[in-house]
Structures are given as C-alpha cells and as structure tokens.
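A short write-up of the structure that comes next.
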Amino acid sequence: MTGPLGLLGGSFDPVHVGHCQLARDAQRCLGLEQVRFIPAGRPWQKAGITAAQHRVAMLQLALAGTAGWTIDSCEIDRPGPTYTIDTLQALRAEFGARVPLVWILGQDQLQRLDTWHRWQDLVGLAHLAYADRAGTPADLAPALRDYVAAHRIDAATLATQPAGGIVPFAMQPVHCSATGLRRALAAGDTGAAAPFLAAPVLAYIHTHQLYLAANGQ
C-alpha cells in the first residue's frame, strides 16, 4: 500500500447509507487508497448490541461490489472491551511506521471524542478525519476544540506523514441514525427504514428477524 488507508469503526447495527456516505466522502476528499470498515466487538459505551456475525454479514452485503472497501474483524476477534487505541496500535504494527492511517469520524463521534479511552493518544498512531457537514458546525467542549485546533492539517498534508493530524472533510448530510432505524424496525415500520438500508441488508434483517421488540433489540 502506498496511499493513505481509511479506517471506519462503528457498531454498524445496522449498517446504513449514512455509514457508506461517510466512507465515500472521506475517500473522495482525502484521497484514501482503501477504506477498512471495522465493526466493534464489545463497545464499552454501548449495551445490547446485535451479535457480531449478523453485523458482519450485513456489512458484507452493503459493501459488496465497492472497490477498495473491505471489512476488518480485528475488534471482534480481540477479547475484552473494544478500545480504538488498541485497534490503532495493532494496525500500526501491521502496516509499519510509514503508511498514513486515517481514522474516520462522523460529527457525532467527534463531539464525544473526549470520552474515548486515551483519546489524546490517538493522533500519535493515526490521523483523525471528521465529517464537516455544511451548515452544522461541530459543537465541541473547550478542551476538545483546542485539541482539534492544535493538530489541524489539510488534506494535502495528510498523505505526506503517517499520523499526527486532524482534518475535516465535506460530507453530504444523511439524516438517519442506527438508533432510529432499529426503533422503526422494532415497530414494524419497514417503510421508514427502507430508504436508508441497502435492499440486501433489509432482506437479511427480515430473514433473521433482527431488531424485533420481542428480541430485545
């Protein structure tokens, strides 16, 4: 690999068009050679997550046919709570010291970044790239705002160094959330969820009866 590698972590419960738009816009704006989708194993800030095999299967369906998009199961395979710092340490060991690694963040994730385990150490291992949605500037806590400003770089610089920068990129807004989709699916409102889910993903959800209220999802 010669170009920057994008890394998109998340529960993907379920994967939806917002996740794909985030990856697509990051890849386009930042010149990412590939994007790895990294489903969380045991996210310590979330409870009641759907079984990993279903989330991975839905990702496989959503990503099928998209060149340069792959799935990395490292967080699922690793025992214990899922921390991004551990994932980045493993990926840095895998790719060596020179490859630019870029951890992609949605704007909501950026706003909560200061709650992550060892969040200030992340830029020592990778760049952080966050979605800058037109008309909705991120509302950051003062310490986090100062941290972002201190590490700000532009997209051109990102490819010239392996880590250390924080860069915004333009994302086309997508007004959906996994929480909202789970709620709609649990209520049997397929019509509200369908526009935001790839057809094979929605079919998989119905086949395996995911997110039904009776299943506790």
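The values are calculated or read from the model by the stated rules, or taken from the named source; none is laboratory data. If you're wondering where the values come from, they're calculated on a predicted model, not measured in any experiment. All Cβ positions, glycine included, derive from the backbone under ideal geometry; neighbour counts span all protein chains shown.
Between 149, 192, 143, which is closer than 30 Å to residue 212 by Cβ and part of a helix (DSSP H, G or I)?
192
Would a scan of the range 124-134 turn up a residue that is surrounded by fewer than 13 Cβ atoms within 10 Å (Cβ to Cβ) and either part of a loop (DSSP other than H, G, I, E, B) or modelled with pLDDT of 95 or more (or both)?
Yes, the range 124-134 contains at least one residue that is surrounded by fewer than 13 Cβ atoms within 10 Å (Cβ to Cβ) and either part of a loop (DSSP other than H, G, I, E, B) or modelled with pLDDT of 95 or more (or both).
Check 184, 194 and return the single one that is more than 20 Å from the chain's Cα centre (by Cα) and either of a type in the set (D, E, K, R) or buried (at least 16 other Cβ atoms within 10 Å of the Cβ) (or both).
From the options 184, 194, the qualifying one is 184.
For the range 38-92, which positions are closer than 29 Å to residue 186 by Cα, touching a residue at least 60 places away in the same chain (Cβ under 8 Å) and among the β-branched types (Val, Ile, Thr)?
50
Can you name the residue in the range 28-52 that is under 13 Å from the mean Cα position of the chain (by Cα) and closer than 15 Å to residue 129 by Cα and, of all such residues, is surrounded by the fewest Cβ atoms within 10 Å (Cβ to Cβ)?
36
So residue 206 clears everything in (1) at pLDDT below 95; (2) part of a helix (DSSP H, G or I); (3) farther than 22 Å from residue 109 by Cβ except one condition, right? Which one?
Unmet for residue 206, out of (1) at pLDDT below 95; (2) part of a helix (DSSP H, G or I); (3) farther than 22 Å from residue 109 by Cβ: (1).
Results for (1) over 26 Å from residue 192 (Cβ atoms); (2) outside any loop (DSSP other than H, G, I, E, B), shown as yes or no for each residue.
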{"residue": "23", "(1), (2)": "no, yes"}
{"residue": "29", "(1), (2)": "yes, yes"}
{"residue": "49", "(1), (2)": "no, no"}
{"residue": "54", "(1), (2)": "no, yes"}
{"residue": "57", "(1), (2)": "no, yes"}
{"residue": "85", "(1), (2)": "yes, yes"}
{"residue": "88", "(1), (2)": "yes, yes"}
{"residue": "91", "(1), (2)": "yes, yes"}
{"residue": "110", "(1), (2)": "yes, yes"}
